[in-house]
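Chemist: Pasting a structure here, questions to come.
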Amino acid sequence: MIVCRQLVIHGRVQGVGFRAALAREARRLALAGWVRNRSDGSVESVVAGEAAAVEALVRWARRGPPAAHVTRLEESAASGQFAGFEQRPTV
């Protein structure tokens, strides 16, 4: 089953390679969507793909790369169609 989720990750998640690492992990899991830094210091992502792969990415995002410290992850349903996975500019 294909699902689409929006994630907002809080904590020490900017300046630690979180965005690039999340994009690599999403591509490894064959997910589509995007990731970007937000001006409030969080990282936002929309991911779409097989339910098990999306859940694997959510679990990964709760930890992030080694230098990150995730304090909170907000997850909600999302929609959209995406070709591949991209890093977007900060908003």
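Chemist: Just subtract the alpha-carbon distance of ALA83 and ALA51 from 0.36 nm times their residue separation and send over the number in nm, one decimal.
Modeler: 9.8 nm
Chemist: List the residues whose amide H sits under 5 Å from the amide H of GLU86, counting only those 5 or more places along or on another chain, with H placed 1.01 Å from N in the peptide plane.
Modeler: Correct list: GLY33, TRP34, VAL35.
Chemist: For the chain, what is the calculated [θ] at 222 nm in deg cm²/dmol (nearest 500), taking -39500 (n - 2.57) for each run of four or more DSSP H residues and dividing by its residue count?
Modeler: So the calculated ellipticity at 222 nm is -7500 deg cm²/dmol.
Chemist: Let me ask you something else. Amide H of ALA78 versus every other amide H placed in the peptide plane: which residues, excluding those fewer than 5 positions away on the same chain, fall under 5 Å?
Modeler: Amide H neighbours of ALA78, under 5 Å, 5+ apart: CYS4, ARG5, GLN6.
Chemist: Starting from 0.36 nm per residue, how many nanometres of slack lie between ARG27 and VAL91 once their C-alpha separation is accounted for?
Modeler: Taking ARG27 through VAL91 to full extension adds about 20.8 nm, to one decimal.
Chemist: Label point 7 Å out from THR71 along Cα-to-Cβ: which residues of the stretch 32-52 have amide N under 19 Å?
Modeler: 37-45
Chemist: Can you give me the angle between helix 51-61 and the longest principal axis of the chain, using Cα atoms only, in degrees from 0 to 90, rounded to the nearest 10?
Modeler: 0 degrees
Chemist: What relative contact order, as a whole-number percentage, does the chain give when Cα pairs under 8 Å and 6 or more residues apart are counted?
Modeler: 46 percent
Chemist: Over the Cα atoms of the chain, what Rg and Dmax result, in angstrom?
Modeler: 11.6, 34
Chemist: HN-Hα J couplings of the stretch 27-43 from phi, Karplus 6.51/-1.76/1.60, θ = phi - 60°, integer Hz, Gly and Pro as x?
Modeler: Result, rounded to whole Hz: 5, 4, 8, 6, 9, 10, x, 7, 9, 8, 7, 10, 5, 7, x, 8, 10.
Chemist: Let me ask something else about it. Under 17 Å from a point 7 Å along the Cα-to-Cβ line of ARG36: which residues of the stretch 65-87 have their amide N that close?
Modeler: Hits in the stretch 65-87 for ARG36 at 17 Å: 78-87.
Chemist: Rounded to the nearest Å, what's the spacing between the alpha carbon centres of the stretch 48-91 and the stretch 27-42? Just the number, please.
Modeler: Taking the Cα centre of the stretch 27-42 as reference, the centre of the stretch 48-91 is 6 Å away.
None of the figures in this text is laboratory data; all of them are computed from the coordinates on show. Given the structure is predicted, the values throughout are model-derived calculations rather than measurements. Glycine also receives a Cβ, built like all others from the backbone with ideal geometry; neighbour counts cover every protein chain displayed.
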